[in-house]
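Okay, so here's the structure we're looking at.
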Amino acid sequence: MLAEKLLLDLLIILMPIFINSILSENKKLGQSPYLCGFLQSVSVFLCLVFSYEEGGLYWDLRYVPLVLGFLYGGPVAGGMVLATYLITRTFLGGEILLGYASGFFAVIVPVIFMKKFWKHEAKTRIRTAVFVGFWPAFAMLTILVIHVFTNGASPENTNKLMMNVAIFGVIQVFAVWISAILNESIIEKNLMRKEILRAEKLNTLGELAASIAHEIRNPLTVVKGFLQMMHKQEKGDNYYYLSLVLTELGRAEAIINDYLNFAKPQFEKLEDAELAKIITEVSILLEAFAAKENVQINVKLEWEVFVKTDRNQLKQALVNIIKNAVEATDEGGEVSIDQRTIGDESYITITDNGKGMDSEQIARLGTLFYTTKDKGTGLGTSVSIKIIEAMGGIISYKSELGAGTEVTIVLPSFKNTLSNDENDINNAI
């Protein structure tokens, strides 16, 4: 009978999640801690009202909304759920002080884990939620022990109560587990929706950029050619001005090429390139720039790992990303480049301890004309993302204001089974 009643509570707990999944398409409502707090408050209210009395104790899953409120809604939502719990518990009567104590006792661990909860990935968050879900079961066990010693229950009643606690613990942990999975699926769905919208915008902008850049580059090439002829023949005062004009035309041409790369990266020569060697070349290339900014670059590599790519394009992407990390780092700071391989994927992690970015800035990264720097077009980051994606890779950003940024690049890779001599022969051929 107890299991049936607790499963009814499980349906009550799942109700806010389904409602939230419907409202999550609304940006303001879907991300509001007040909505989460309100829905979980309704859930804890119904759990308390429909409690099942057996053995002198009231059994329900009132603690699950408390866990979910603090972990997924934050302090605002968690505070709303706790307040609802206390108010409802007051109106229901009974041993009110014990009810208050159990409520505060149950939220200790969720509050402790709340701050670090969102720093983990989805799978880790689910495991954390399940672990935290054990705590209210322990709280219930503590209440049971107090109840047994206070009322002097018989051994038979004690055994029955222990069985009820076991059933309660299993169902409660299961409720937290299934709720966490559903919450994470909603979060993943929202992230996928944002990624699809972003991809559509990038494709539209890419096509526009490619068409404009292609049309401008042709007449620009003609103008540059005639100016180069004039530059060779000029020996007077205009020689200096023509040099400046050609320099600026070269810069304009580079920007146009970036637009074309943004639209569709052109891999001129695909080859098996050793990833560590490319990263080494890029880090050496940027050493002087980093020294000028008084920033140290630390590199940790794994050799004999290869990727199929256009070496120059991949170097361009890495230069843009690492250069951004150096520019974002204050004097005396450091940028770390860590390359490691797991299975058939290589992970390049570029970490800086610079000024960092907020969630809104991270969401806009890769958008044309968006940059967090005082000067720049934002094309470097956009082109880098396009190049990585064209290679079949994935690039992701993690950042926090004042704590720096972590860029993770995942590329398909393979181990080279040939010896170095055989590689040299093949490359020569």
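The values are calculated or read from the model by the stated rules, or taken from the named source; none is laboratory data. Note that the coordinates shown come from a computational prediction; the quantities given were computed from them, not determined experimentally. So basically every Cβ, Gly included, is an ideal-geometry build from the backbone, and we count neighbours across all protein chains shown. Heavy atoms of the whole protein, side chains included, go into the accessibility calculation; ligands, DNA and RNA do not. Shrake-Rupley method; radii C 1.70, N 1.55, O 1.52, S 1.80 Å.
A compact table of results
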| item | result |
| --- | --- |
| Accessible surface, per residue, of segment 1-132 when the full set of protein chains is kept, probe 1.4 Å, Å² | 51 Å² |
| Potential extension, residue 98-residue 287 segment - 0.36 nm per residue separation minus Cα distance | 61.6 nm |
| Partners for residue 269 among aspartates and glutamates (Cα-Cα distance below 15 Å; same-chain residues under 8 apart left out) | 310 |
| Residue 114 - accessible surface, heavy atoms, 1.4 Å probe, Å² rounded to 10 | 30 Å² |
| Size descriptor, Kirkwood hydrodynamic radius, that averages inverse alpha-carbon separations across segment 264-330, Å | 12.8 Å |
| Rounded FRET efficiency, nearest 0.05, which uses the C-beta distance separating residue 91 from residue 163 and R0 of 25 Å | 0.25 |
| Per residue solvent-accessible surface (Å²) - segment 287-326, probe of 1.4 Å | 50 Å² |
| Cα-based radius of gyration of segment 43-97 once divided by 2.2 N^0.38 Å, which approximates compact folds | 1.15 |
| When each of 116/398; 308/398; 189/398; 119/194 is checked by Cα-Cα distance, pairs over 22 Å | 308/398 |
| With every protein chain in place, segment 219-343: carbon and sulfur % of accessible area (1.4 Å) | 53 percent |
